[in-house]
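Written below as structure tokens is the structure these notes are about.
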Amino acid sequence: MLRLKNINTYYGKVHALKNVSIHLGQGEIVTLIGANGAGKTTILNTISGVTPAAGGEILFEKEPVQALSPDRIVRLGIAQVPEGRQVFKPLSVEDNLDLGAYLRHRQREAKSRIRQDKQEIFTLFPRLEERRKQPAGTLSGGEQQMLAIGRAMMTRPKLMLLDEPSMGLAPLVVQEIFRVIDNLRRQHGTTILLVEQNAKAALNLADRGYVLETGKVILEGLSSNLLENKDVQRAYLGRE
Ligand code: ATP
């Protein structure tokens, strides 16, 4: 459903992505792993149009999307959950979810459908429903992450780009977030591209992975193979 071909992305003179080629099949969970600064976030931002590629091609459902604006890309069905969650802290949980549906309201989609989607999100995250009137800034880190995922779901994405959803969360909360990601794929068929520092947890969840080093893909494969790869173990999985 998504294919990046020889993508090159720059920040001024910094050559952040060097001939990156990756692909995701419908309904797959794929993870990007690599050290700080390897280019993982840049791949997500390049796909979502926030940091456009200078060269190469991005095909989404066989259509080139690399020249489109971020809001057009959202409308095609790609949603990004940025690092650090970035929920609107003074707004209530419910208002944050409504903001996720902003483009759908603008396109005059039936309010009943949007309401129904919100109810589905509350079913998936009962803790958000209990706190629907509460300002988002008063939620715990894990709850804010759930809200950020819920807000992205309100765009009805076919593909979700998740940037470090486990960052700063306690191990039990991380498990919960990963369960939610798994459910998203199982119940909604959402395809997921997951950036994670927590390589072991990410590979345990994902079908396949790409390993990045200084802006290049240096290794790719099934998660099971990457988990057994000695270089991956040494560099990213730590000693068990
Ligand atoms: P992290 O895990 O630390 O977020 P990452 O793998 O996601 O790392 P990127 O954030 O994609 O890495 O950064 C890739 C490279 O691009 C790094 O060398 C980084 O310093 C550089 N870079 C990222 N954002 C900018 C920017 N706005 N301006 C200049 N250089 C940038």
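Only the coordinates and a few stated rules stand behind these numbers; no lab work does. What you see is a predicted model; the values in this text were computed from it and never measured. Every residue, glycine among them, receives a Cβ derived from its backbone with ideal geometry; neighbour counts consider all protein chains shown.
For a quick check: sort L59, L169 by the number of other beta carbons within 10 angstrom, fewest at the front. Don't skip to the answer; put the middle values down first.
Details: L59 15, L169 19.
Least to most surrounded, the residues fall as L59, L169.
Work out which trypsin sites (Lys or Arg not before Pro) in the chain are exposed loop sites (DSSP not H, G, I, E or B, at most 15 other Cβ within 10 Å) and give the longest gap free of them. Before the final figure, lay out each step's value.
On the way: sites that count: K13, K62, R108, R132, K133, R239.
The reported range is 134-238.
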Exercise. Once you have a ≥ b ≥ c as the square roots of the Cα gyration tensor eigenvalues for the chain, tell me rounded if a/c is under 1.5, and otherwise prolate or oblate according to whether a/b is larger than b/c.
Key: oblate
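Scanning the chain for helices, which whole DSSP H stretches are 15 Å or more long along the axis (Cα) and average -1.0 or more by Kyte-Doolittle?
TM-like helix candidates: 141-153, 171-188.
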Quiz item: Taking only pairs that are 8 or more places apart or on different chains, how many Lys pairs in the chain have Cα atoms under 17 angstrom apart?
Solution: 14
Quiz item: Any idea which of L172, L103, I33 is furthest toward the positive side of the dipole for the chain, if Lys and Arg beta-carbons carry +1 and Asp and Glu beta-carbons -1?
Solution: L103
